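Down below is the structure, laid out as C-alpha cells.
The numbers here are math on the coordinates, done by the rules we state, and not lab data. In this text, all values refer to a predicted model and were calculated from it rather than measured experimentally. Note: ideal-geometry Cβ built from the backbone for every residue, glycine included; neighbour counts use all protein chains shown.
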C-alpha cells in the first residue's frame, strides 16, 4: 500500500534541500516578470491599508514587487525554507522596506488569524503545496471580500516551454503542476470559486550558454528530480536540440506562458 503521508514528507524534504542549496543565487537563476503585478494592482485598486500574505515567497523577488506596488500594505512573507527567508529579510531590508514580516511556515497551516487577510498571493509555488489544505486554510484566513491570487504554470504550458519542448523528460518529470480544471475542483472543494483567469505570455531570449548554466544550477526544481546520469544525458541532448532548431545560439528566442487566477469566497 502506498503511504501518501510518507511520500509527501520525502517530497517536502527533497524540495527543502533543493531550495537551501540554491538560495544564495536564486535571483540570478530565475527571471522575474512584473506585468502580472500591475494586473493584480488593478484587481485590488479600491483597497487601501491592506494586509497581504505572500506564501511560498522564496528569496523575496515578488515580495519586493508587491511592496513597491502597494504602498499602504503590510506584507506577511511565508516560506517553508529558512534559508530563503533569511535571504528575503536581508534583501528587503537593504531595499529600505520595513512594512513586512517574514518567517518560515507551512502552506497547510499559515498561522495567520482568521478573517485577517485582504489578499493571499503565491507566485510559481503552488506545486509545492498540499493544495486542498492550502485552499481550506486560505478560506479561513481571507476576509469576506478578500482574494486569493495564484500565479502559476499549468502542465500544458510547461510542455510548451523551451524546456518542455527540447529538454528530454522535462514535461513528463514535472508531475506536480496542475491543469485549470484541477484547480477549479480544488477551489470548489474548499468553498472557493475562481472569479477570473488571465494568461500572461512572455517572449524570452537567451544564449545557449546561459540556458545550460540555468539547468545546471537547477533554476527549476524539476531538474532536481533527475538522477545525475539522466540529467547529464538529457542536457547533452538538449544542447543538440538547440543546435538543430536555432541558427543563432547567442539569441535563442521562445515564448513562455503562465496563468493568473483570482479566487474568492
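Once both labels are positioned 7 Å from their Cα atoms along Cα-to-Cβ, the gap between residue 182 and residue 165 label points is 2.3 nm. Its Kirkwood hydrodynamic radius, worked out from the mean inverse distance over all distinct Cα pairs, puts segment 141-265 at 16.3 Å.
On a per residue basis, the convex hull of the C-alpha atoms belonging to segment 90-129 measures out at 113 Å³. Principal axis extents of the C-alpha atoms in segment 62-150 (largest first, rounded to whole Å): 35, 28, 21. Of the peptides 145-153, 107-115, the order by per-residue mean of other Cβ atoms within 10 Å, starting with the highest, comes out as 145-153, 107-115.
Packing order of peptides 181-192, 215-226, highest average first: 215-226, 181-192 (average count of other Cβ atoms within 10 Å over each peptide's residues). Taking the Cα atoms only, what angle lies between the long axis of helix 228-245 and the longest principal axis of the chain, rounded to 10 degrees? Between helix and principal axis, roughly 80 degrees.
Run a plain Debye calculation on segment 115-157 (Cα atoms as equal point scatterers, no solvent) and give log10 I(q)/I(0) at q = 0.22, 0.23 Å⁻¹, rounded to two decimals, same order as the q list. Results for segment 115-157 at q = 0.22, 0.23 Å⁻¹ read -0.73, -0.78. What would the Debye formula give as log10 I(q)/I(0) at q = 0.10, 0.17 Å⁻¹ for the alpha-carbon point model of the chain, no solvent? Here log10 of I(q) over I(0) equals -0.52, -1.47.
Working from Cα pairs under 8 Å separated by at least six residues, relative contact order for the chain is 19 percent. For residue 103 and residue 247, the FRET efficiency from 1/(1 + (r/R0)^6), where r spans their Cβ atoms and R0 equals 35 Å, is about 0.10. Rounded to the nearest 10 degrees, the inclination of helix 4-22 to the longest alpha-carbon principal axis of the chain is 70 degrees.
For segment 176-227, the square roots a ≥ b ≥ c of the C-alpha gyration tensor eigenvalues yield an a/c of 1.5 or more together with a/b not exceeding b/c, which makes the shape oblate.
Using the Cα gyration tensor of segment 157-206, with a ≥ b ≥ c the square roots of its eigenvalues, what is the shape: rounded (a/c below 1.5), prolate (a/b larger than b/c) or oblate (neither)? Judged from the Cα gyration tensor, segment 157-206 comes out oblate (a/c at least 1.5, b/c at or above a/b). Between the helical axis of 82-94 and the longest alpha-carbon principal axis of the chain there is an angle of about 70 degrees.
When each of the peptides 201-213, 73-85 is scored by how many other beta carbons lie within 10 Å of its residues on average, the order from highest to lowest is 73-85, 201-213.
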